[in-house]
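These notes concern the structure reproduced below.
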Amino acid sequence: MKDNKDTLSGFWFVISNAFPPIGFFLYFRHRKTHPNKAKRALTSAMIGVPIAILGGYIMNTFILN
């Protein structure tokens with residue numbers, strides 16, 4: 001029987017990608033009870049960090065100058 005509670009919803013995936021600290025929090029919260037959910041939250045947060053850095057660079061260099 002497949003455990004349907006061990007998947008991260010699309011909403012939380014997007015939120016953890018846009019705000020990486022939330023993704024890291026979700027990882028530490030679910031890492032023991034729901035490992036697949038925790039892995040997806042961590043992956044999303046790790047992808048969100050370079051996107052945030054790149055977005056900040058573009059905003060500061062080209063748009064706000």
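Taking the Cα centre of the chain as origin, sum charge times position over the Cβ atoms of Lys and Arg (+1) and Asp and Glu (-1), and report the length of that vector in debye to the nearest 20.
Working: 8 positive and 2 negative charges, 69 e Å.
Here the size comes out at about 320 debye.
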Label model pair Phe11, Asn65: point-to-point distance (7 angstrom along the Cα→beta-carbon line) in nm is 4.0
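Using a 1.4 angstrom probe, figure out how much accessible area the chain has per residue, in square angstrom, rounded to the nearest whole. Could the numbers behind the result be given before it?
Values: 5040 Å² over 65 residues.
Result: 78 Å² per residue.
With a 1.4 Å probe and all protein chains left in place, how much of the accessible area of the chain comes from carbon and sulfur atoms, in whole percent?
Details: 3420 of 5040 Å².
Looking at the chain in its full context, I get 68 percent from C and S.
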Can you tell me the length gained on complete extension of the stretch Ile47 to Phe25, counting 0.36 nm per residue apart and subtracting the Cα distance? 6.4 nm
Using each residue's phi in segment 11-25, evaluate 6.51 cos²θ - 1.76 cosθ + 1.60 at θ = phi - 60° and report the 3J(HN,Hα) Karplus result to the nearest Hz, with x for Gly and Pro. 4, 5, 5, 5, 5, 6, 7, 6, 10, x, x, 5, x, 5, 4
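Per the helix-only calculation at 222 nm, which mean residue ellipticity applies to the chain, given -39500 (n - 2.57) for every DSSP H run of n ≥ 4 and division by its residues, nearest 500 deg cm²/dmol?
Counting only the DSSP helices, I get -22000 deg cm²/dmol.
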Going highest first, how would you order 35-44, 20-29, 54-63, 7-16 by mean Cβ packing within 10 Å? 35-44, 20-29, 7-16, 54-63
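The values are calculated or read from the model by the stated rules, or taken from the named source; none is laboratory data. These numbers were taken from a predicted model, which means no experiment stands behind them. Neighbour counts run over all protein chains shown; Cβ positions are idealised from the backbone, glycine included. Calculation scope for accessible area: heavy atoms of the full protein, side chains included, ligands and nucleic acids excluded. Shrake-Rupley method; radii C 1.70, N 1.55, O 1.52, S 1.80 Å.
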